[in-house]
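Trainee: Below is the structure I would like to discuss, written out as structure tokens.
The values are calculated or read from the model by the stated rules, or taken from the named source; none is laboratory data. Predicted model, so just to flag it, every value in this text is computed and none were measured. Note: ideal-geometry Cβ built from the backbone for every residue, glycine included; neighbour counts use all protein chains shown. For accessibility, only protein heavy atoms count, side chains too; no ligands or nucleic acids. Shrake-Rupley method; radii C 1.70, N 1.55, O 1.52, S 1.80 Å.
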Amino acid sequence: MAFNNNFPIGYQPMYYPQYQQQMTAPPVQSVQPQQVQNGGYVTVQNEQEAKDYLVANGTSVTFIDTNNRKLYIKTKGFSSLDQPIFKRYSLVEDDDNGDQTIADTLADLPDKEEIEKIKADIKTLKAKVSKLTGKVKDE
Amino acid sequence: MNNSMNLFQMLGQLKSNPMALLSRRFNIPANVNNPNEIIQHLLNTGQITQANYNQAANYAKQMQNNPQFSGLFKKK
């Protein structure tokens, strides 16, 4: 009959579910970048203790040195073959204004030009003294 | 079964070679026998977490500072 699309009665067209599945595009897998995990804070007595501390792959552990006012961060890569990265920081106390006290100290230091001038003056003085006394040796 | 090990044999093996049993349990390679290397392997394989290790290290440090356990640790 015409309503059967000219197929013989009882004909069942083959159904290929797997073919239909292949027709759909595969889902795009989003690659999650590996992120270093925070391994927590550990107090240590010295730098060597922090260096000897074991850290898991893909983890970063922060060490607070209670004796030396320093901070260490040890980070291990995601591979067992990676060497850990070790960084050290000095803790600087701020004054009541919230500014670092070390900044004032640095501002009073002479710059390179001044230092070279001072060196030249010292050399001249040494030469004069050596002429007079014959005791001072040039370095 | 004839090849099943009885309890006494297991205890004897544990006493004579504890690493054999632990290596099998935690899949530790044969070339890893240093305590730090074993712990690093357990960390790398995820069998223990960094938090586990931190906690254990903290307990060990407390025990070292406790005079009750003074004879327990090897002196470096």
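Trainee: Can you tell me which residue is least open to solvent (accessible area, probe 1.4 Å) among those in segment A:78-91 that are away from chain B (no Cβ under 11 Å) and part of a loop (DSSP other than H, G, I, E, B)?
Mentor: In the first step, residues of segment A:78-91 are kept if they are away from chain B (no Cβ under 11 Å); the result is A:83, A:85-91.
Subsequent filtering for residues that are part of a loop (DSSP other than H, G, I, E, B) retains A:83, A:91.
Details: A:Gln83: 148, A:Leu91: 79 Å².
Only one residue fits best here, namely A:Leu91.
Trainee: Let me ask you something else. I'd like the full set of residues that are within 13 Å of the chain's Cα centre (by Cα), more than 8 Å from chain A (Cβ to nearest Cβ) and exposed (fewer than 13 other Cβ atoms within 10 Å of the Cβ), limited to segment B:23-60.
Mentor: B:Arg24, B:Arg25, B:Asn27, B:Asn33, B:Asn34, B:Pro35, B:Ala56
Trainee: Answer yes or no as to whether A:Asn38 is under 24 Å from B:Ile38 (Cα atoms), within 18 Å of the chain's Cα centre (by Cα), open to solvent by 90 Å² or more (accessible area, probe 1.4 Å) and modelled with pLDDT of 85 or more.
Mentor: Numbers: under 24 Å from B:Ile38 (Cα atoms): yes; within 18 Å of the chain's Cα centre (by Cα): yes; open to solvent by 90 Å² or more (accessible area, probe 1.4 Å): yes; modelled with pLDDT of 85 or more: yes.
So A:Asn38 passes the test.
Trainee: Here is a further query. Would you confirm, using the coordinates I've provided, whether B:Gln55 is at negative phi and at pLDDT 75 or above?
Mentor: For B:Gln55, the condition - at negative phi and at pLDDT 75 or above - is met.
Trainee: Quickly run through segment A:54-77 and pick out the residues that are open to solvent by 50 Å² or more (accessible area, probe 1.4 Å) and hydrophobic (A, V, I, L, M, F, W, C).
Mentor: Keep residues of segment A:54-77 that are open to solvent by 50 Å² or more (accessible area, probe 1.4 Å), which gives A:64, A:66-70.
Once the filter is applied, which keeps residues that are open to solvent by 50 Å² or more (accessible area, probe 1.4 Å) and hydrophobic (A, V, I, L, M, F, W, C), segment A:54-77 yields only A:Ile64.
Trainee: Go over the candidates A:Lys51, A:Lys128 one by one and state the one that is at pLDDT 85 or above, part of a helix (DSSP H, G or I) and open to solvent by 90 Å² or more (accessible area, probe 1.4 Å).
Mentor: Answer to the check: A:Lys128.
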